[in-house]
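Asks: Below are the structure tokens for one structure; questions will follow.
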Amino acid sequence: MRPQVLFPALVLILAMLACNFPVATPPVTETPTLFLITPSATLALPTTAPTFTPAPTNTAPPPPTSTVPIASPNGVNVNCRLGPGTSWVPLSALVVGQTAQITGRSTDGTWWLVNDPLNPGRGCWVAASVVTTGGNLSGIGVVQSPTATVTNVTVGTDTKVISVAGCTGPIQPIKINGTIETNGPTEVRWRFETQQGGAMPTQTTMFDTFGGMDFSVDYTPTVAAGTYWVRLVVLSPNSTQAEGSYRIDCP
């Protein structure tokens with residue numbers, strides 16, 4: 001009876017184990033999901049242009065405007081004179097394209113004192129009406145006119161040799177001629193002098209402008225053989241003189 005009991009039990013155990021065996025599962029195929037991005041019709045685009053910063057260059061900045069007061073010719077060359085007025089002798093010129101620094105003005109403001117561009121260190125005057133100015137003119141002070149002087153004197157006689165037979169006959173008068181030149185308007189005191197007759201009366205002559213004036217006087221020498229000087233002496237505004245001569249022969 002015992003072997004019959006064991007056989008059914010063994011069959012039962014085997015059936016139970018068969019239920020726990022792993023069953024092969026077929027692989028699962030996944031279908032990928034496609035995500036599409038649809039642009040929005042309300043997407044705002046940038047409206048501000050990008051800022052561009054230029055690269056640095058080696059170009060120097062413009063120089064500052066000069067405040068030095070200057071004058072330059074207004075289209076034509078102009079005289080630069082010793083004093084503020086056309087009655088003064090020209091010393092130099094300011095030509096078109098040149099500039100000169102202004103250092104002073106006349107009492108009435110119609111003339112400028114400038115540094116002479118042709119002679120550094122010397123000043124001369126240009127008319128305000130014929131120049132263009134630049135720079136700061138507010139600090140320009142008044143400069144008084146210079147004092148004109150006599151710059152040249154000449155003297156001589158119209159007869160260089162006087163012949164007097166035996167030194168006893170009459171002698172004819174001769175003429176002494178002189179010239180005085182000034183560099184501007186001034187009053188000149190002057191006189192003729194002779195070796196035989198001494199000083200003649202002092203004269204006063206007004207020079208209204210620069211330049212020269214001629215003077216003359218008749219003079220009768222003393223009869224005596226020899227060579228004698230004559231002079232034109234200027235006493236003011238400055239002291240100067242010139243000398244000439246004549247000769248008396250007694251054949």
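Only the coordinates and a few stated rules stand behind these numbers; no lab work does. Keep in mind it's a predicted model, so treat the numbers as computed, not measured. Glycine gets a Cβ as well: all are built from the backbone with ideal geometry, and neighbour counts include every protein chain shown.
Asks: Ranked highest first by average number of other Cβ atoms within 10 Å, how do 245-251, 214-220 line up?
Replies: Packing proxy ranking, top to bottom: 245-251, 214-220.
Asks: Can you sort 206, 213 by how many other beta carbons sit within 10 Å, fewest first?
Replies: Ascending number of Cβ neighbours within 10 Å: 206, 213.
Asks: Please state the charge dipole magnitude for region 150-249, taken about the Cα centre, from unit charges on C-beta atoms (+1 on K and R, -1 on D and E), reported in debye and rounded to the nearest 20.
Replies: With Lys and Arg at +1 and Asp and Glu at -1, about 220 debye.
Asks: DSSP loop (so not H, G, I, E, B), at most 13 other Cβ within 10 Å: list which trypsin sites (Lys or Arg not before Pro) in region 138-236 pass both filters.
Replies: 160
Asks: While we're on this one: For a protection proxy built on the mean count of beta-carbon atoms within 10 angstrom, sort 105-115, 77-87 highest first, please.
Replies: Packing order, densest peptide first, comes out as 77-87, 105-115.
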